[in-house]
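The values are calculated or read from the model by the stated rules, or taken from the named source; none is laboratory data. Owing to the predicted nature of the structure, the values given are computational and were not obtained by experimental measurement. Neighbour counts are summed over all protein chains in view; Cβ atoms, including those assigned to glycine, are modelled from backbone coordinates with ideal geometry.
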Amino acid sequence: MLEFDHDTLAQRVLFGAGKAASNLAAEVERLGADSVMVIAGPAESNLADAVTREITPRLRYSDVAPHVPVEIAEKARAAALEHDIDLVVSIGGGSTTGLAKAIALTTGIPIVAVPTTYAGSEATNVWGMTEASRKTTGVDARVLPTTVIYDVLSLLTLPVELSVASGLNALAHSVDSMWAPRADPINSTLAVEAITALSGGLREIKSDSASQAGHEQTLYGAYLSAVAFASAGSGLHHKICHVLGGAYNLPHAQTHAVVLQYVLEYNGPFAPDAEQRIATAFAADTAVGGLSALRADLDAPRALRDYGLKESDLPEAASLILAAVPASNPRPVTIGSLTSLLHDAWAGSTSGSENSR
């Protein structure tokens, strides 16, 4: 018998090339906002000028950092309260959206998100902040952006390497959704469609970094992935990456892009139905083979040691991650198996050493 519980998050999505500024102005008017805070890091300053050209923000804020350090969140919250902000507009990637969520978490101020990467945070009610090298995450309805404005023209100048890493981060949302704690048939269907869109879109971007069609398919897939993830919750992959990012300040997208291969190798044989659906989405014989072929085509990030993780960090990392592993993971996880998985990801091993775990 088919039986499951599923929550669909309420959110308005506006998708259209070249329409970010007009869509934002329309949303500000629809929401009746009088005091708008625009968050955009220095790299997005010119884009923010263009996106906000039809509104008059009360505050422009640019102090953005990866993994949302608590001290930066507190400063942004204070600035929002000082200026009597009634709407936060985030223009940027996951770090920018994350800072907007940190403000919303304690103030309840609504968010309109204008993503510039494929991070997917804009479509989830998940927040995360880092303090003393530990990243804490949670779920709260207040942090889900009221509206997401997708404009593919905002991503056409994204460097190919970042498009690849960010797109694989989005792909990880889909794969994790297949066996996360609240996985269900609706999440799985969204995830499968997302994997197909992402794999095709990313290959097109790799071939032609300015391909509007490639970026549109990738953006579409990233949104579907994030919706699936928001409902299904965090699986083993995301628990690993959250710990690594917070404890060792690793870059978010690249960490996800590396770790995904090893989690799929680890879990896939123990979740045969999910494995076969992932393989079909890749148009491959196996899920791992499909992901491996995509990573080879994209020249994807290969090893965590390339991003600052030290081999000596692995025992501590394994201990921290083990405490957060979901009980629903399809394969049992031990300190030994987790350490082996992390070592393979650290080294960029392609030996298929999952058989020895």
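Any idea which of (1) in a helix (DSSP H, G or I); (2) over 16 Å from the mean Cα position of the chain (by Cα); (3) modelled with pLDDT of 95 or more is the one A228 doesn't satisfy?
All conditions are met except number (2).
Output the residues belonging to the range 129-151 that are within 17 Å of the chain's Cα centre (by Cα) and among the hydrophobic types (A, V, I, L, M, F, W, C).
Of everything in the range 129-151, those that are within 17 Å of the chain's Cα centre (by Cα) and among the hydrophobic types (A, V, I, L, M, F, W, C) turn out to be M129, V139, V143, L144, V148, I149.
So is A43 over 26 Å from V227 (Cα atoms), modelled with pLDDT under 95 and either aliphatic (A, V, I, L, M) or touching a Lys or Arg at 6+ places or on another chain (Cβ under 9 Å) (or both) or not?
yes
Quick one: which helices (runs of 4 or more DSSP H) sit completely within the range 247-357 and have at least 3 residues that are within 21 Å of the chain's Cα centre (by Cα) and closer than 14 Å to L168 by Cα?
252-267, 287-298
Of the residues that sit in the range 151-166 and are of a type in the set (G, A, S) and touching a residue at least 60 places away in the same chain (Cβ under 8 Å), which one is nearest to F229 (Cα to Cα)?
Residue satisfying both the conditions and the ranking: S166.
The rows are residues; the columns are (1) modelled with pLDDT of 95 or more; (2) in a loop (DSSP other than H, G, I, E, B); (3) out of contact with any strand residue (DSSP E or B) (no Cβ under 7 Å at 6 or more places or on another chain).
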| site | (1), (2), (3) |
| --- | --- |
| G138 | no, no, no |
| P145 | yes, yes, no |
| I149 | yes, no, no |
| V164 | yes, no, yes |
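Got a sec? Which of S22, S45, S62 is assigned by TED's automatic domain parsing to the domain that holds R142, touching a Pro at 6+ places or on another chain (Cβ under 6 Å) and surrounded by fewer than 21 Cβ atoms within 10 Å (Cβ to Cβ)?
One residue alone meets the criteria, S62.
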